[in-house]
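As structure tokens, the structure follows; a few thoughts come after it.
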Amino acid sequence: GAVVSQHPSRVICKSGTSVKIECRSLDFQATTMFWYRQFPKQSLMLMATSNEGSKATYEQGVEKDKFLINHASLTLSTLTVTSAHPEDSSFYICSARGSPASGGYNEQFFGPGTRLTVL
Amino acid sequence: QKEVEQNSGPLSVPEGAIASLNCTYSDRGSQSFFWYRQYSGKSPELIMFIYSNGDKEDGRFTAQLNKASQYVSLLIRDSQPSDSATYLCAVRREGNYGQNFVFGPGTRLSVLP
């Protein structure tokens, strides 16, 4: 399957700081990227969907001003957690889907995840 | 009613046995169904997907789909301790911006040596 990377894999920060997480599709063009959050022993919760060159669409209950998503190219999307607080500590996972032309349209390929801990 | 439901488990089976994982979904219009495996602290990895009613086999894994009953299952034959993980059922649906996946809560499987 296709490869999706995330950086950083772990981050620990102080309350009130902002954290940026990168998601890259390494061997295909990802027209759509998804950002998920997963709390311990819970399932994946979709936060937002982003398409290259467009504004992200956020799921109900997700603050778009707090979780800034940028999908500036076909291989890179970023999630910035602004003014992070301890309750934002979670496992953030991105996934990417290719275009119908590039293949992989029917599947989502997940990145390895980023564990955020806010002190 | 949640869109995708699974028994949280844990489901314990002895090594070599068949593990049966079940999933139900509420949107009758759903067309595509996926099984992911997630090890603790890792992101999900795709095991297999199924679109049509019936069985689909891939190695030790068999996915079964019954759209009339809105039910999809995953059978793991000859279970190994390395199969111990959380198994997530996902249904693809139309979201706010194109298609996205809805995940069930996952079933934790423990294969005992």
Legend entry - Exclusive hit being part of a loop (DSSP other than H, G, I, E, B), modelled with pLDDT of 90 or more, out of contact with any Phe, Trp or Tyr (no Cβ under 6 Å at 6 or more places or on another chain) and open to solvent by 60 Å² or more (accessible area, probe 1.4 Å), set A:GLY61, A:GLY53, A:GLY16: A:GLY61
Legend entry - Residue under evaluation A:SER90, criteria (1) under 14 Å from A:PHE34 (Cα atoms); (2) crowded, with 17+ Cβ neighbours inside 10 Å, criterion not met: (1)
Inset, instruction - Report whether or not B:LEU88 is within 30 Å of A:LYS55 (Cα to Cα), open to solvent by 50 Å² or more (accessible area, probe 1.4 Å) and part of a strand (DSSP E or B). - result: no
Inset, instruction - Working only within region A:94-109, note down all residues that are at pLDDT below 90 and either outside any strand (DSSP E or B) or at the interface with chain B (Cβ under 9 Å from one of its Cβ atoms) (or both). - result: A:ARG97, A:SER99, A:PRO100, A:ALA101, A:SER102, A:GLY103, A:GLY104, A:TYR105, A:ASN106, A:GLU107, A:GLN108, A:PHE109
Legend entry - Among (1) surrounded by fewer than 17 Cβ atoms within 10 Å (Cβ to Cβ); (2) touching a Leu at 6+ places or on another chain (Cβ under 8 Å) - the single one B:ALA63 does not satisfy: (1)
Inset, instruction - Could you tell me whether B:PRO44 is within 14 Å of chain A (Cβ to nearest Cβ) and buried (at least 18 other Cβ atoms within 10 Å of the Cβ)? - result: yes
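The values are calculated or read from the model by the stated rules, or taken from the named source; none is laboratory data. Keep in mind it's a predicted model, so treat the numbers as computed, not measured. Note: ideal-geometry Cβ built from the backbone for every residue, glycine included; neighbour counts use all protein chains shown. Accessible surface is based on the protein model in full, side chains and every heavy atom, while ligands, DNA and RNA are left aside. Shrake-Rupley method; radii C 1.70, N 1.55, O 1.52, S 1.80 Å.
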